[in-house]
Every structure is written in structure tokens, then in C-alpha cells.
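To keep things clear, I will list the structure first and then write my remarks on it.
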Amino acid sequence: MLESDSRDLSDLAPIAARRPSRVARRRQTGLSPRQSLPEIQPFPRWARLDGAAGGAASAMFVAGAGIAHLDQLLRAGEDGGEPVFSRALRQRLALKAAATCARLARLREDEAALRDAEHLSGCADTSLAGRLHRLFRLFASRAVKFDAQTLSAAAEYVGAPSAFDAQGIAEALRQTVARANDPLAAAAGVSAAAVHDLAAVPAIDAEIFALWLADLALAQKLGWKAPVPLLATVIFHPALRRDQNGRRPRPDDRDWSNALAGAYALAAREAVHLAGALSRQTKKLFDAEPKLRAKGAARVIELLLADDCVTPARAAKRARLSDRAARRLFDRLIEVGAVRELSGRANFRLYGL
């Protein structure tokens, strides 16, 4: 019961991207890991948001630079595709976004609790915070559109399905994105419109929904294969606080466009930093693969590249290993520094890049 791991949450079509399994097969035929992994440049200092240097122009400039850097990274895989660790990147950011939204809703779950609930509980039903986690997990791993099906599913996850005209809101949001001159304007317009259109929904639910929609609009305008959870991950950042009370920005603020730009500047920098760490871990994982004796090791590598974390039970099932063999495999990967143990426990352990 405690080792069943995350389940498939929807029948929405998965994103059309190269599966890590193809990378694994190429690796076994002699492809150098350096050819399949991008060289991620450090985030330039001039593109970092300085909390002391306010102003709309500054925020828009650094946001544009940061998003351009992230966009380049997401196109730096083989043949212009996404890097093999891009799904792990999205799911790691989805966890952070969900934990931040749980804090917005004054729920108790932190990242560790959400990770345990998703990967260890094995329950179809979950808590309010767990549903938020599934919202970001689901739409961070699939191609999504502004249609009634997608928005209705999202409304279920945020707990606001009753007062929700999915068809009407979907059409309004599509028009907002089409009219926007740039990705930041699309994200700002969609999130502000969502809060207005969801006046009958509790304010926190509407705000969380708006933060998620902003990332969706940004991804569509940039032509990404799937959204990257960004805005919600930094909404509590001290650099975004304003006035003497230190109030955080909200989508119904008059200067929301400027605040959103500053938030994306921060979020893009953190996402690029995380991508660099995942790229280095992926390199270690590829280097370790020839040293692994388990026959199902390539399948376990696929799992690690596709998610935030993996349990030995899930790895054993996917790779057709015994539970003991799966645990030995992870012990070996820990020994060579290719993966990290994320739970800090002796039992019911979780492993990820």
C-alpha cells in the first residue's frame, strides 16, 4: 500500500516528445552522453532581478532575458527537441508550485508531505493540497489547450467546478491569448481575466487557477510542448513584496503586469539553475549505466528522467526486478552519485535526480 507510487491521472493525450527510452537505446549503441545533453550556461548577472531596482522597464527586461534563456534550454536537446530531463524538471517544479499554492490556501502540506502523498499512498483520493499537486503534475507533462475539457479538469483539482462555465471561459481566454503581443502580456491578461471571470469562486481558488493559467498562456505563446510551472513557485518571494505591509502581488492588482514580469524573472532564473543541476545528474546517470548489472537498469533510468522521484517498488514493477534487486540498484546509483535519496528515511525511500 505504501509503495504503489504515482498513478496516471488523466486520459488527456501525452505530449509528443521523444521518450527517454530512445535516448537509453542510443546510449547503448555508443552515443556519447555529451551529445544528448545540453551545455547549460550560467544565468547572466545582468539578467537577475534586483529587488532594489524596481520599475516596469527593469522587470520586463530581466523577465524577457530569463524566459529567452529558459526557452533556449528547452530547445537544446537532440534535433532541437527538449532535453531528456525536461519531464523531471517540470515535475520538480510542479512539486514546488503545489507546495506554494498549499501555503496560499493555508494548508499544512509542504513539499515532503506532498511527495509522500503522491508517490507512497497509492490512494485515488487525496487531500486538497494533494489535488493541487496533481493539477501541476498533470498539466506539466501533457500538451494542454484552452478548451472546455482541460479547464473543467483543472477546476476539479482546485475545487471550483460548480460555478464554472468552462466553455465560455475557454473561449474568452483563447481570445485574450490571441490578442496579446508577447508571452508576458498573454500570461498577465489571462490570469487577470480568470480572477475576474471566477468572481463566484473562493478568492484563493480563483488565484491558484489564475497562476496556473498564466503558465499555460506563456507556454502556448512560446510554442512549448507543455507548460513549465513557474509563476506559482515564486509568488511569495520577498523581492515581489510591495508597500509597507509587504503585501504579495495578486492577479487583480492594477500593476499586476509589472509584478508578473518580476515573478517570471525570478522563476526563470531558478528553473535554469534547477535544469543545470538535473543535467549534471543526468550525465552521471548515463556514465553509470554501463556499470549497472541489473537487466532492467535502462527502464529505471527512464523513470528517473521522467519524474520528480521513483520508489523501488515502482522501479521493480517497471523493470521486472525483485524488490531486493531494485533496492540494490538504487544503492549502487547512490554510491556512484547518480541519484539522490530524497526522503531522508531508512524505509519507504524515494529516489530522484
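Residues in the stretch 113-127 that are assigned to a helix (DSSP H, G or I) and either more than 13 Å from Ala99 (Cβ to Cβ) or out of contact with any helix residue (DSSP H, G or I) (no Cβ under 9 Å at 6 or more places or on another chain) (or both): Asp116, His119, Leu120. Screening the stretch 89-104 for residues that are in contact with an Asp or Glu (Cβ under 9 Å, 6 or more places away or on another chain) and more than 19 Å from Ala226 (Cβ to Cβ) and picking the one that is most open to solvent (accessible area, probe 1.4 Å) gives Arg103.
For the residues Leu107, Leu9, Leu31, the requirement of being part of a loop (DSSP other than H, G, I, E, B), out of contact with any Lys or Arg (no Cβ under 8 Å at 6 or more places or on another chain) and at pLDDT below 90 singles out Leu31.
You will find that of Val228, Val201, the residue that is open to solvent by less than 30 Å² (accessible area, probe 1.4 Å), under 16 Å from the mean Cα position of the chain (by Cα) and β-branched (Val, Ile, Thr) is Val228 and no other. All of (1) surrounded by 17 or more Cβ atoms within 10 Å (Cβ to Cβ); (2) part of a helix (DSSP H, G or I); (3) under 17 Å from the mean Cα position of the chain (by Cα) hold for Ala153 with one exception: (3). Checking each residue in the stretch 311-341 for being under 16 Å from Lys284 (Cβ atoms), in contact (Cβ under 8 Å) with a residue 40 or more places away in the chain and not in a helix (DSSP H, G or I) picks out Val336, Gly337, Ala338, Val339, Arg340.
Can you tell me which residue among Ala172, Ala124 is surrounded by fewer than 21 Cβ atoms within 10 Å (Cβ to Cβ), at pLDDT 85 or above and of a type outside the set (S, T, N, Q)? Just one listed residue meets the conditions, Ala172.
Among the conditions (1) assigned to a helix (DSSP H, G or I); (2) open to solvent by 10 Å² or more (accessible area, probe 1.4 Å), Lys145 misses just one, which is (1). If you scan the stretch 132-156, which residues turn out to be basic (Lys, Arg) and in contact with a Ser or Thr (Cβ under 9 Å, 6 or more places away or on another chain)? Residues satisfying the conditions are Arg134, Arg137, Arg142.
Restricted to the stretch 127-142, and to residues there that are aliphatic (A, V, I, L, M) and out of contact with any Gly (no Cβ under 7 Å at 6 or more places or on another chain), the residue that is surrounded by the fewest Cβ atoms within 10 Å (Cβ to Cβ) is Leu138. From the list Arg349, Arg269, Arg345, Arg293, the one residue that fits, being of a type in the set (D, E, K, R), outside any helix (DSSP H, G or I) and surrounded by 18 or more Cβ atoms within 10 Å (Cβ to Cβ), is Arg349.
The values are calculated or read from the model by the stated rules, or taken from the named source; none is laboratory data. None of the values given here were measured: they were computed from a predicted structure. Neighbour counts run over all protein chains shown; Cβ positions are idealised from the backbone, glycine included. Ligands, DNA and RNA are excluded from the accessible area calculation, which covers all protein heavy atoms including side chains. Shrake-Rupley method; radii C 1.70, N 1.55, O 1.52, S 1.80 Å.
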